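Presented below is the structure to which this report refers.
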Amino acid sequence: MSENGERIVVESDLNIQGRLGATTLTLENGKARRTQQTPTGEEFIAEYEISELSKPRLEDLVDSTALIAEYQGHSVELIRATNRKNLPLANAEKYLKALVAGKPAPELDLAERVCPKCGRPLPQYNNVCEACVNRGKTLLRLFGYTKNYRGRLLWGTLLSFAGTLLELIPPFLIMNILDNALEKKDSKLFWMLILAFFVTRVALLGVQIARGRNVGYLGAKIAVEIRNSLFEKLQSLSLNFYDKRNVGSLMSRMTNDTGALYDVLVDGIPVLLNQLLLIITIPIAMMSINWKIGLYALAPVPLVIFAVHIFRKKMNRVWSRYWHQWSRTGSTLNGILQGTRVVKAFFGEDREVKRFNRRITDLADSGYVAETSWATFFPFVMFAMFLGLITVWGMGGKEVLKGALSTGALVALITQVQRLNDPLSNLQRIIDWSTRALTAAERVFEIMDTPVDIKDTEDTVGMPAMKGAVTLKDVHFGYDKLRTILHGVDLEVKAGEMIGIVGHSGSGKTTLINMILRFYDPTQGHVIIDGVDITKIKLEDFRRQVGVVLQESYLFPGSVGHNISYGKPGATEKEIMEAAKAANAHDFICKFPDGYDTYVGERGQRLSGGERQRISIARAILHNPKILILDEATASVDTETERMIQEAIENLVDGRTVFAIAHRLSTLRNADRLVVMDEGRVAEVGTHDELLAKEDGIYRKLVNMQSEISKMKANMLGAEEPEPEEAKA
């Protein structure tokens, strides 16, 4: 999509028949003109006066999105594109809406998020291209976590060098035993060399133990730092990030991927360093014995290293697929376990077993591809190294027969070649599973590199004592760039005022609340608290003075007291009990065998819905916010429980600015004002009586609808009353 003054050009990848093809929508001089490319040139399709268009909107089609508008009483398609290319359509929708409403053209997101190197689309949350990511930089980034342990790292490096040197000594000792001690029948020299052999092996044992203990310490500490960094990052990200991520995938990053990093830190890097040192030093040792034979023996090594490089690129793709399958498997398992009640209620066990079986089968297939690739490649490496060994035997044996080379030197050369086989073969395996780990590291760093959109900035101001006045000015918002939920919301609320928010399902009530809670920032417009833009208020001060009671009250695994005090860590038992009393929760808590120490279970499942809700209210009371959000706080409970919750809410709302969403409109009678939402806009504002007086008002229709539903329920209950016993007789 491009912009040039008053001219907007939108390019898509689907033609009017819905097939792949270049299509263009041009908005210029008050007209919308659609054309498409054909083999013979540009073909005109249609043209509309923008002033005659209305209700521009995006509609989802099969694997595509279309920009639709009303024109002369019927819907017309202005342009369509595949889901991969639908961002320009979202920009065109915003632009058209502004023109139709007579407002200034909005800022458009014209930049296409593609990798500048390969042209592939970038991930939604960061600018890291998985296809072009640099493994070397990833490894260096992992080493960045060792900065607090440089002494240990240096000690480990010295131990690796010492171990490498000790491993080079035995072949030279063998050569001297054969050529000097045994050949010259020197008993004293023989036993001195045997003792040196033993001492070298004991020293190597000590170095290996010290190196292993040092590596274990480093790996554990660094893995903790990585996990802490990842968890801190996850906590700093806004709900916008979590909306399009599933819990199973994030759990996989935290457990499996960071576990793979631990493996590479503990086993991979130290062993890799040791094997690389051997690959460098063993050829030097061979050349020092006989440079000519050494050169011939080392001829296959460059070919092996080149083959490893090519093989590694292939394995990068293989292990990327494998970890993706791991995430999908974890997501599926998480969803099934969380929805166990629904699964059992609808007899879905067999279906879920089959679905999970498909996931683990895909995972096993990915692992099989990786293992078979390795199993095919490794024998070729070993054969190439065998060629080096047979070369030493042939050339070295020939030199021994001519008397130009000693038997001890030949045995030393053979020993060194065989020792070279070990690091080269180990190097293949290390590269194999270090590729897994580096792929996992990239998945972890993908999260770490996600920009934080809800955060403090340089011009953030502290606000330790809010009054609670809230103003929304021309607020627009959509959970993604393609869908706008709120359209120009304007609302002014005084400090201490109680506002009821009502409307049909999907009208934007909860989204409006999310703006006030700053779970998201508006895409356009401002939310203002006490005269200060909400984005300029220090987050810590803001969160401390805003409380929320949700319809689905979440309780953490732990005690009742722990859940109540969550909003005020360090609260005394007296404060917890007073908050519980104000929430009408103290009495039922005392009936539990363990009182406030009662374990609530996973998500509070050991408590009833009403009990969970009152504990949630007690938590909000103890938090003592200046702005309080009540989102369907009395939904899905019986009448008696609703009465007790209402009494608890009355204790909670006093002296606070309150925004309350309620399904039962009768619960909002005491609100100072009611805000009626409709299709993402504020349709009506007024008291209960004022809105009820509007004959064609939305609020009155909602009240009448609920009255009819209540009557129907009453009639149904009356019809289902059981017959008296005498009638049955």
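Please arrange Tyr479, Tyr596 by accessible surface area, largest first, computed with a 1.4 Å probe and ligands excluded.
These residues rank, largest area first, as Tyr479, Tyr596.
What value does the stretch 511-625 have for Rg/Rh, both radii from Cα atoms and Rh as Kirkwood defines it?
My calculation puts Rg/Rh at 1.05.
Kindly state, to the nearest 0.05, the FRET efficiency for Ser229 paired with Arg700, given R0 = 45 Å and r defined as their beta-carbon distance.
Efficiency for this residue pair is about 0.25.
Once you sort the root eigenvalues of the Cα gyration tensor of the stretch 434-584 as a ≥ b ≥ c, which label holds: rounded (a/c under 1.5), prolate (a/b larger than b/c) or oblate (the other case)?
Oblate.
Compute the separation of the alpha-carbon centres of the stretch 674-690 and the stretch 65-80 and state it in Å as a whole number.
30 Å
Ala469's amide H: which non-local residues (gap 5+, or another chain) put their own amide H closer than 5 Å, with H modeled 1.01 Å from N in plane and none for Pro or chain starts?
The answer is Ala495, Asp530.
For the full complex of protein chains and a 1.4 angstrom probe, list Leu195, Leu628 by accessible area with the highest value first.
Leu195, Leu628
Report the Cα centroid-to-centroid distance between the stretch 569-607 and the stretch 494-521 in angstrom, as an integer.
After rounding, the separation between the Cα centres reads 29 Å.
Could you give me the ³J(HN,Hα) list for the stretch 45-56, computed from phi with Karplus coefficients 6.51, -1.76, 1.60 and θ = phi - 60°, whole Hz, x at Gly and Pro?
For the stretch 45-56, the Karplus curve yields 10, 6, 9, 10, 6, 4, 5, 9, 8, 8, 6, x Hz.
Check Leu61: other-chain or 5+ apart residues with amide H under 5 Å from its amide H, H built from backbone geometry?
Counting only residues 5 or more places away or on other chains, the set is Ala66.
Which whole-Hz couplings ³J(HN,Hα) result when phi for each residue of the stretch 495-501 is put into the Karplus expression 6.51 cos²θ - 1.76 cosθ + 1.60, θ = phi - 60°, listed in order with x for Gly and Pro?
4, x, 8, 9, 10, x, 10
Sort the following peptides by mean Cβ neighbour count (other Cβ atoms within 10 Å, averaged over residues), highest first: 273-285, 409-421.
Sorting 273-285, 409-421 by mean packing, highest first, produces 409-421, 273-285.
Can you give me the long-range amide H partners of Glu684? Hydrogens built in the peptide plane at 1.01 Å from N, cutoff under 5 Å, separation of 5 or more residues or another chain.
Those qualifying (amide H under 5 Å, at least 5 residues apart or on another chain) are Val676.
If we sort 143-154, 678-689 on the protection proxy, mean other Cβ atoms within 10 Å, highest first, what's the order?
678-689, 143-154
Can you list the lysines whose alpha carbon is less than 18 Å from that of Lys344, not counting same-chain residues fewer than 8 positions off?
Lys354
Taking square-rooted eigenvalues a ≥ b ≥ c of the alpha carbon gyration tensor, is the stretch 128-240 rounded, prolate or oblate, where a/c under 1.5 means rounded and, failing that, a/b exceeding b/c means prolate?
prolate
Output the pairs from Lys455/Lys536; Lys31/Lys473; Lys467/Lys538 with a Cα-Cα distance over 19 Å in this structure; if there are none, say none.
Checking Cα-Cα distances, Lys31/Lys473 exceed 19 Å.
How large is ³J(HN,Hα) for each residue in the stretch 188-202, as worked out from phi by the Karplus curve 6.51 cos²θ - 1.76 cosθ + 1.60 (θ = phi - 60°), to whole Hz, x for Gly and Pro?
4, 4, 4, 6, 5, 5, 4, 4, 4, 4, 5, 4, 4, 5, 5
Round to the nearest 10 and report in Å² the accessible area of His309, as given by a 1.4 Å probe over the protein chains' heavy atoms.
It works out to around 80 Å².
The values are calculated or read from the model by the stated rules, or taken from the named source; none is laboratory data. Small disclaimer: the values here were computed from a predicted structure and weren't measured. Because the Cβ atoms are built from the backbone with ideal geometry, glycine has one as well, and the counts that use them run over all protein chains shown. Note: accessible area is taken over every heavy atom of the protein model, side chains too, but ligands, DNA and RNA are not part of it. Shrake-Rupley method; radii C 1.70, N 1.55, O 1.52, S 1.80 Å.
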